[in-house]
Amino acid sequence: MTTRTFTARAAAVTGGVLLALSPLTAQAAQAAQATAATPAAKPARLAQPTQPAQTAPTVAAKGAALLDGTSGDALFGKDADTARPIASTAKIMVATVVLDTKGVDLERQVPVRQEYRDYVTKRGASTADLQTGDKVTVRQLLYAALLPSGADAAYALADTFGTGPTSTERTKSFIAKMNSKAGELGLPHTGFTTFDGTGSDSSTPRELAKLARHAMRNDTFRTVVKTKQYKGEAPAANGRTRYYTWNNTNRLLGSYDGAIGIKTGTTTPAGECLVFAATRGDKTLVGTILNSKDRYNDAAKMLDYGFGTTTTKTLKLRKLPANTPRD
């Protein structure tokens with residue numbers, strides 16, 4: 001065999017092998033192209049450390065509760081289901097009975113009786129200093145009862161919306177309405193013996209917060225309890241015009257960002273009490289403080305807990321005018 005012939009055969013064999021392997025080579029090429037077209041896998045992200053849950057606040061109050069204003073869900077509690085004296089926060093129920101009255105006329109004029117003033121003196125209760133013979137409207141009486149916590153105004157409302165031939169019978173029937181409303185609202189541990197909270201009126205922190213949630217659904221109530229100062233006038237007994245100025249005893253208003261009410265209360269058996277509410281964004285919180293030596297800071301701590309904020313650290317309480325009753 002000549003050298004030229006061997007070389008030609010070798011070339012032919014080599015070419016045959018290459019032809020035989022060409023399908024595999026094509027598959028390999030396709031695989032390589034697919035791999036190149038596929039994005040490189042991203043390295044796994046390390047899990048971000050979660051923020052620790054906010055610690056429940058420590059409050060000085062003997063009883064406390066915080067509810068979501070929309071859902072009513074409980075957010076915080078301290079002896080929240082233990083009934084305690086509630087002092088003037090009872091006037092929330094006075095306003096509720098009045099405002100829930102079908103067809104209530106808020107512009108109805110109510111003559112101020114001397115017995116309303118005498119009641120304040122006898123009980124040593126807080127007063128709106130209503131003057132005998134003046135004609136004040138139901139709306140004004142709500143301001144007078146809820147801002148300076150006037151027992152005289154609460155008496156006037158009970159006397160007006162109760163039934164019976166005498167003032168005693170009318171106020172008694174009104175207190176019965178307060179208790180009936182508590183039953184209607186599902187507050188089994190809430191009871192009233194007076195219209196101003198100076199008796200053995202009591203409730204639990206949770207039930208009082210539930211009452212406040214109900215009251216805050218009323219536009220008039222919300223407007224009244226968020227007012228820091230009310231100025232109004234009324235026809236006086238001598239034919240002249242009487243001018244009234246009532247300051248809200250709730251120092252959380254104007255101090256805590258978003259505060260919108262609601263009511264203070266103080267007696268020796270009850271200690272310092274506060275029913276409060278605040279709104280931030282689309283979230284509203286409603287709470288109760290019963291028997292505390294630091295009710296405003298307690299309330300601020302609870303609200304911070306509910307909102308996830310730290311406002312309490314910079315809280316500076318609004319100063320009340322010198323003539324404002326302490327309640």
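Summary of computed values
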| read-out | value |
| --- | --- |
| Reach of Lys313 by Cα under 27 Å, taken over lysines that are not fewer than 8 positions away in the same chain | Lys62, Lys78, Lys226, Lys228, Lys263, Lys283, Lys293, Lys301 |
| Under 10 Å, Cβ to Cβ, from Ala154 - net charge with Lys/Arg +1 and Asp/Glu -1 | -2 |
| Where only alpha carbons of the range 63-314 are counted, the Rg and the Dmax (Å) | 17.3, 55 |
| Contact order relative to length of the range 63-314, as percent, for alpha carbon pairs under 8 angstrom and 6 or more apart | 24 percent |
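All of the numbers you see were taken from the coordinates with simple rules; none came from a lab. Remember, predicted model here, so these are calculated numbers, not experimental data. FYI the Cβ positions are ideal-geometry reconstructions off the backbone, even for glycines, and counts take in every protein chain you see.
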